[in-house]
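The values are calculated or read from the model by the stated rules, or taken from the named source; none is laboratory data. Bear in mind that the values here come from a model prediction, so they are computed numbers and not experimental data. Backbone-built Cβ (ideal geometry, glycine too); neighbour counts: all protein chains shown.
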Amino acid sequence: MYYNTSELCDFYGDLVDVIDPIFCNYGGKSSFGGQVVTIKCFESTGIVKQLTNIDGTGKVLVIDGGGSTRRALIDASIAQCAAHNHWQGIICYGSVRDVDTIELIDIGIQAIAAIPVGANEDEIGETDVAINFAGVTVLPDDYIYADNTGIVLSPDPLDIK
């Protein structure tokens, strides 16, 4: 499904939060949305790999990577795994790598930067927790919608017809 965040803001106004404009689109889909699943981790991909290996139909993985630009939390293999398991997208308050390959994968991915250095594979971090970055608090089971213009957060699914 295609989402237009400008129209969502026009229609839903005070019912949504807008995430600060610090993210860039790296994935093959420029627009995506769904129910939020949260991860909080720092320079470690173990939990990210675990979650992208499960069915993500209708869901968006939102990762609080502490804003790190030193090590990438998303690489081509994680993006491919997430797409294979039907995740709608990934929003990473952290970095990605393998940018040229990721843009060919049919998944939405937004992150704050790209860097060639990968993170370690330790399983350190938390899932299904409230995370706070870019001017908003994201809760598990919130709904998030993204396109090239921005990212909109809602506590409830938005009726987009």
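In summary, Asp14 fulfils each of the numbered conditions (1) modelled with pLDDT under 95; (2) crowded, with 17+ Cβ neighbours inside 10 Å with the single exception of condition (2). Is there a residue in the stretch 135-150 that is closer than 20 Å to Glu43 by Cβ, assigned to a loop (DSSP other than H, G, I, E, B) and touching a strand residue (DSSP E or B) at 6+ places or on another chain (Cβ under 7 Å)? No: zero hits. The set of residues in the stretch 35-51 that are among the polar types (S, T, N, Q) and farther than 22 Å from Val152 by Cα comprises Ser44, Thr45, Gln50.
Taking residues in the stretch 77-90 that are closer than 9 Å to Gly56 by Cβ, and partners anywhere that are surrounded by fewer than 16 Cβ atoms within 10 Å (Cβ to Cβ) and of a type in the set (Ser, Thr, Tyr), the pairs with Cβ atoms closer than 6 Å and at least 6 places apart or on different chains are His86/Thr57. If the condition is being part of a loop (DSSP other than H, G, I, E, B) and under 13 Å from the mean Cα position of the chain (by Cα), then the stretch 37-57 contributes only Gly56.
Could you run through the stretch 95-111 and say how many residues are free of Cβ contacts under 8 Å to residues at least 40 places away in the same chain and either buried (at least 19 other Cβ atoms within 10 Å of the Cβ) or in a loop (DSSP other than H, G, I, E, B) (or both)?
To start, the set of residues in the stretch 95-111 that are free of Cβ contacts under 8 Å to residues at least 40 places away in the same chain comprises 95, 97-98, 100-101.
When the remaining residues are screened for being either buried (at least 19 other Cβ atoms within 10 Å of the Cβ) or in a loop (DSSP other than H, G, I, E, B) (or both), the result is 95, 97-98.
Within the stretch 95-111, residues that are free of Cβ contacts under 8 Å to residues at least 40 places away in the same chain and either buried (at least 19 other Cβ atoms within 10 Å of the Cβ) or in a loop (DSSP other than H, G, I, E, B) (or both) number 3.
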